[in-house]
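Everything below concerns the one structure shown next.
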Amino acid sequence: MRVEGHERFEGVYYVVDELRRVLCTLNLDRGYSVYGEQLFQVGNAEYREWVPFRSKLSAAILRGLETMPVRSGTKVLYLGAASGTTVSHVSDIVGREGIVYAVEYSPRVLAQFMERVAKRRSNVVPILGDARLPERYAHLIGRVDVLYSDVAQPDQARIVVDNARLFLRSGGYVMVAIKARSIDSVEDPERVYRREIEVMEREGLKVEERVDLEPYERDHVMVVAKFT
């Protein structure tokens with residue numbers, strides 16, 4: 001078994017053996033599996049499998065994502081933390097010099113997130129809040145380098161724009177997983193994607209990349225945009 005660094009992205013790895021080549025991050029919380037993912041001991045380091053069927057960011061990377069602004073030391077605002085699967089891998093990547101502000105709407109889900117992720121990782125700040133009302137948690141967050149959004153709401157692009165205006169530094173990046181069926185359950189997904197992208201571009205976000213997440217996620221794309 002050996003470890004290979006990702007060809008483009010800092011903090012992302014492959015663990016390789018005779019049978020598999022598995023996308024991974026270096027485990028910041030050694031010995032602990034957040035969501036049942038496999039742990040690999042290679043030399044003195046421990047790596048966590050980054051399962052693409054459980055994480056849209058992993059799916060995007062495996063589908064050929066070209067732009068990945070999350071790296072060591074990055075400050076990230078994460079909307080839609082849920083139980084913390086992707087947040088935990090982002091935490092691994094940004095490391096102890098970075099920080100992840102993780103916003104979740106549901107108190108019950110946030111409690112699970114606290115136990116699984118936030119209490120175990122000093123670089124994760126849990127926030128109970130509604131991503132549609134960013135002014136209510138503005139006092140908790142400074143300027144960030146990356147805004148990552150994974151929210152199941154019909155106004156996904158507007159949520160991203162409103163949070164970017166408050167928190168994202170000039171030249172920072174947005175990564176948004178657009179869920180077509182959360183916006184319109186009957187309209188052609190391609191039309192939904194175009195409309196959401198148009199909203200972001202009108203508000204000063206320059207879209208640099210769009211990646212379809214099939215076969216890992218149906219009717220989803222990952223959009224990467226720069227805040228100008």
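The values are calculated or read from the model by the stated rules, or taken from the named source; none is laboratory data. Please read these numbers as outputs of a predicted model, since none were measured by experiment. Cβ: placed from backbone, ideal geometry, glycine included. Neighbour counts: every protein chain shown.
Some notes on this structure:
- Taken over region 110-143, residues that are surrounded by 13 or more Cβ atoms within 10 Å (Cβ to Cβ), over 19 Å from the mean Cα position of the chain (by Cα) and among the acidic types (Asp, Glu) amount to 0.
- Ala180 crowded, with 22+ Cβ neighbours inside 10 Å, small (Gly, Ala, Ser), touching a helix residue (DSSP H, G or I) at 6+ places or on another chain (Cβ under 9 Å) and under 21 Å from Thr86 (Cβ atoms): no
- Residue in region 69-83 that is more than 20 Å from Tyr148 (Cα to Cα) and touching a Ser or Thr at 6+ places or on another chain (Cβ under 9 Å) present: no
- Considering residues of region 20-76 that are surrounded by fewer than 16 Cβ atoms within 10 Å (Cβ to Cβ) and touching a Gly at 6+ places or on another chain (Cβ under 7 Å) only, the residue farthest from Gly98 (Cα to Cα): Ser72
- Selected residue (only one of Asp29, Asp92 is among the charged types (D, E, K, R), within 26 Å of Gly142 (Cα to Cα) and not in a loop (DSSP other than H, G, I, E, B)): Asp92
- Annotation: Leu62 fulfils all but one of (1) of a type in the set (A, V, I, L, M, F, W, C); (2) closer than 30 Å to Leu166 by Cα; (3) in contact (Cβ under 8 Å) with a residue 24 or more places away in the chain; the unmet one is (2).
- Of all the numbered requirements in (1) without any contact (Cβ under 8 Å) to a residue 24 or more places away in the chain; (2) part of a helix (DSSP H, G or I); (3) hydrophobic (A, V, I, L, M, F, W, C), Ile197 misses one, and that requirement is (1).
- Selection status of Ile93, assigned by TED's automatic domain parsing to the domain that holds Met175, touching a Lys or Arg at 6+ places or on another chain (Cβ under 6 Å), of a type in the set (A, V, I, L, M, F, W, C) and buried (at least 17 other Cβ atoms within 10 Å of the Cβ): no
- Within region 83-125, the set of residues being of a type in the set (A, V, I, L, M), out of contact with any helix residue (DSSP H, G or I) (no Cβ under 6 Å at 6 or more places or on another chain) and either at pLDDT below 95 or closer than 21 Å to Val223 by Cα (or both) comprises Val87, Val90, Ile93, Val94, Val103.
- The condition of being assigned by TED's automatic domain parsing to the domain that holds Met68 and within 22 Å of Val90 (Cα to Cα) does not hold for Ala180.
- Count of residues meeting criterion [part of a strand (DSSP E or B) and among the basic types (Lys, Arg)] in region 1-26: 2
- Thr86 meets the conditions (1) surrounded by fewer than 18 Cβ atoms within 10 Å (Cβ to Cβ); (2) out of contact with any strand residue (DSSP E or B) (no Cβ under 6 Å at 6 or more places or on another chain); (3) touching a residue at least 40 places away in the same chain (Cβ under 8 Å) in every case but one. The failed one is (1).
- One residue alone among Ala111, Ala118 is over 19 Å from Met175 (Cα atoms), among the aliphatic types (A, V, I, L, M) and free of Cβ contacts under 8 Å to residues at least 24 places away in the same chain, and that residue is Ala111.
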